Amino acid sequence: MYQAPKGTQDVLPDDIAPWRYVESACHRLAQQFGYGEIRTPIFEDTGLFLKGVGEATDIAEKEMYSFRDKGGANLTLRPEGTAAVVRAYLEHGLYNRPQPVKLYTLMSAFRHDQPQAGRLREFHQWDCEAIGEEDPLIDAELVVLLWQLLDDLGLRGLSVQLNSIGDAACRPQYVRALVSYFEAHERELCPDCQRRLRTNPLRLLDCKNPQCQPLIAQAPRSVDYLCGPCAEHFARLRHYLDLAALPVTVNPRLVRGLDYYTRTVFEVWPPTVGGQSTLGGGGRYDGLAELLGGRPTPGVGFAMGIERVILNLKAQEVPVPPTPPLAVYAAYLGVAGKDQSWRLVQRLRQAGTSAVVATGDRSLKAQLRQANALGAQWALISGDAEVEAGTVQLRNLARGEQETLPLDEAVARLTRVERVAV
Ligand code: HAM
């Protein structure tokens, strides 16, 4: 027997309600904030991600699902959305539109990581990007958008973590300070950090190994090395977040796992913080468009992990609206009854009422058992006697009450019921 590949999951009908709940909130709020929906391919040229995400990141080094297709093209299942959205922005000349261009997508992403709760190999993101604007007001808007979505869903006790990691003008000086600080303590670092010191020193700040924590706590802070324009940008961002009454924690240790970030970085953490817990994160990527061959174009965005949000909705016992129940199950006895049931569901469905017709030759008892399993509110039962009389039995499945009605009346009543229920 085959099983779903490690790190992937099936979502069965009984589990779909929170997905619908989260996804419809994402669509609604993105529209409310003026973000248009974009959909990009599930795979892209491998080079896009190597360049975009950065070759020295964990994602590019060990997590990408890369393959060569039958035509010899080097392709990769997208490990994230930003590089692809910026690629589409450049490819379709969206820079000719009034800026910024605000885009969102609900997408699957793929990373070959060690699966655990909240960490999958195929996962889903709500990704929002604002491209073509440097103004920190747009950074603030994105932080508010992520926070409001999570708050609207009913999650409580979240914290917004914020930092600025500078830009091409001031970051090199900060990285130098960081490297010389850690080099002085190299032997106290975990083996991963010793390696990162050469490849991606900023990522040392993100190490979870207890051995490295005392050193990280004393490390130089990027906010102390910001150049004038970056410091001004960060101050104005905090001002706009203040005006939006959004409580944020300035966290000088916050760095992110992708190389394209400049200036703003942020994450939203749930109340119980653990390695796999970050609900969403993002930041500014003013150099990315140029890196991908476009003209210099600022941008900022975030992505939220849908599986992690659903885990938190469950942990916080947030009530989720159920999927709409099935209205009618049409059961039958005999050949004529089956024909009548089939005709009845046509009429009900055309009138917009949800209806399922029994199939096969199971007993009436088995058919009604299925009606209950499907959560149907009503059963319509047709046998020879009903067909002859032009009637049908209408049974309220919750109450067990049953009455015989002329066909038209039964249909009229059920279509009315459905409209009221909707
Ligand atoms: P990221 O931090 O790599 O950022 O991922 C964003 C969110 O996706 C995480 O906070 C987490 O909720 C979820 N996530 C990441 N990896 C996994 C996984 N293996 N399993 C389950 N959920 C996961 C980005 O992807 C950037 N593209 C965000 C961004 C957009 N920055 C600017 N614009």
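The values are calculated or read from the model by the stated rules, or taken from the named source; none is laboratory data. Remember, predicted model here, so these are calculated numbers, not experimental data. Positions of Cβ are backbone-derived with ideal geometry, glycine not excepted, and every protein chain shown enters the neighbour counts. These accessible areas exclude ligands, DNA and RNA; they are computed on the full protein's heavy atoms, side chains included. Shrake-Rupley method; radii C 1.70, N 1.55, O 1.52, S 1.80 Å.
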Mean-square fluctuation check for the chain, GNM, Cα pairs under 10 Å: which of ALA336, ALA30, ALA303 is largest?
ALA336
To the nearest 10 square angstrom, what accessible area does PHE43 show with a 1.4 Å probe?
100
Please list 3J(HN,Hα) in residue order for segment 125-134, calculated via the Karplus relation 6.51 cos²θ - 1.76 cosθ + 1.60 where θ = phi - 60°; whole Hz, with x for glycine and proline.
10, 9, 10, 10, 9, 10, 10, x, 9, 9
Going residue by residue through segment 257-262, the Karplus relation 6.51 cos²θ - 1.76 cosθ + 1.60 with θ = phi - 60° gives ³J(HN,Hα) values, rounded to whole Hz and with x marking Gly or Pro, of x, 10, 7, 7, 6, 9
Expressed in angstrom and rounded, the centroid-to-centroid distance over alpha carbons for segment 109-163 and segment 347-409 is 46
Accessible area of the chain divided out per residue, in Å², using a probe of 1.4 angstrom
49
Can you list the chymotrypsin sites (Phe, Trp or Tyr not before Pro) in segment 139-227 that are in a DSSP coil and have 15 or fewer other beta carbons within 10 angstrom?
none
Suppose every K and R has +1 on its Cβ and every D and E has -1 on its Cβ; what is the size of the dipole of segment 328-421 about the Cα centre, in Debye to the nearest 20?
400
Part-to-part distance (alpha-carbon centres) for segment 68-86 and segment 169-240, which is given in Å:
31
Using 0.36 nm per residue of separation minus the Cα-Cα distance, give me the extension gain between THR272 and ARG68 in nm, one decimal.
69.3 nm
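For GLU290 and GLU317, what does the FRET efficiency come to when R0 = 51 Å and r is the distance between their Cβ atoms, rounded to the nearest 0.05? Show your work: numbers first, answer last.
On the way: r = 47 Å, r/R0 = 0.91.
Computed FRET efficiency for GLU290 and GLU317 comes out at 0.65.
Let me check something: with ligands and nucleic acids excluded, how do GLU141, GLU307 order by accessible area (1.4 Å probe), largest to smallest? Numbers along the way, then the final one.
Working: GLU141 50, GLU307 15 Å².
Descending order: GLU141, GLU307.
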Gaussian network model of the chain, Cα springs within a sub-10 Å range: biggest mean-square fluctuation belongs to which of LEU288, LEU333, LEU77?
LEU333
Which FRET efficiency, nearest 0.05, do ASP192 and ASN96 yield, Cβ-Cβ r, R0 41 Å?
0.40
Given a 1.4 Å probe and the protein chains all in place, what does the accessible area of MET107 round to, in Å² to the nearest 10?
10
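In the chain, carbon and sulfur make up what percent of the accessible area (probe 1.4 Å)? Don't jump to the answer; show the numbers that get you there.
Working: 10710 of 20720 Å².
Carbon-and-sulfur percentage of accessible area, whole number: 52.
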The Kirkwood hydrodynamic radius of the chain, taken as the inverse of the mean 1/r over all distinct Cα pairs, in Å, comes to 24.9
Could you check which residue among LEU279, LEU153, LEU407 shows the biggest mean-square fluctuation in a GNM of the chain with a 10 Å Cα cutoff?
LEU407
To the nearest 0.05, what FRET efficiency results for LEU12 and ALA184 with a Förster distance of 51 Å applied to their C-beta separation?
0.40
Could you work out how far helix 364-373 tilts from the main Cα principal axis of the chain, as a 0 to 90 degree angle to the nearest 10?
30
Given the protein chains as shown and a 1.4 Å probe, how many square angstrom of LYS51 are accessible, to the nearest 10?
120
At 0.36 nm per residue, and after removing the present C-alpha to C-alpha distance, how many nm does the segment from ALA373 to HIS27 gain when stretched out fully?
121.5 nm
Express the relative contact order of the chain as a whole percentage, based on alpha carbon pairs under 8 Å and six or more residues apart in sequence.
16
Obtain the nm distance between the two label points defined at ASP339 and ASP242 by a simple spin-label model: each point lies 7 Å from its Cα along the Cα-to-C-beta direction.
8.0
Alpha-carbon Debye profile of segment 328-421, log10 I(q)/I(0) at 0.11, 0.16, 0.24, 0.26 Å⁻¹:
-0.25, -0.55, -1.34, -1.58
Given H placed 1.01 Å from N in the peptide plane, which residues other than close sequence neighbours of ALA330 have an amide H under 5 Å from its amide H?
VAL356, VAL357, ALA358, LEU380
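For LYS6, LYS70, LYS365, give me the order by solvent-accessible area with a 1.4 Å probe, most accessible first, ignoring ligands, DNA and RNA.
I get LYS70, LYS365, LYS6, largest accessible area first.
Relative contact order, percent, of segment 1-113 when contacts are C-alpha pairs under 8 Å separated by at least 6 residues? List each step's numbers first, then the result.
On the way: 105 pairs, mean separation 34.0, N = 113.
Across segment 1-113, relative contact order equals 30 percent.
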A correct Karplus calculation of ³J(HN,Hα) over segment 265-271, with 6.51 cos²θ - 1.76 cosθ + 1.60, θ = phi - 60°, whole Hz and x for Gly and Pro, returns 9, 8, 9, 10, 10, x, x
Quick check: the angle from helix 306-315's long axis to the longest principal axis of the chain, C-alpha only, nearest 10 degrees?
70
What 222 nm value per residue comes from the helices of the chain, counting each DSSP H run with n ≥ 4 as -39,500 (n - 2.57) and dividing by all residues, nearest 500 deg cm²/dmol?
-11500 deg cm²/dmol
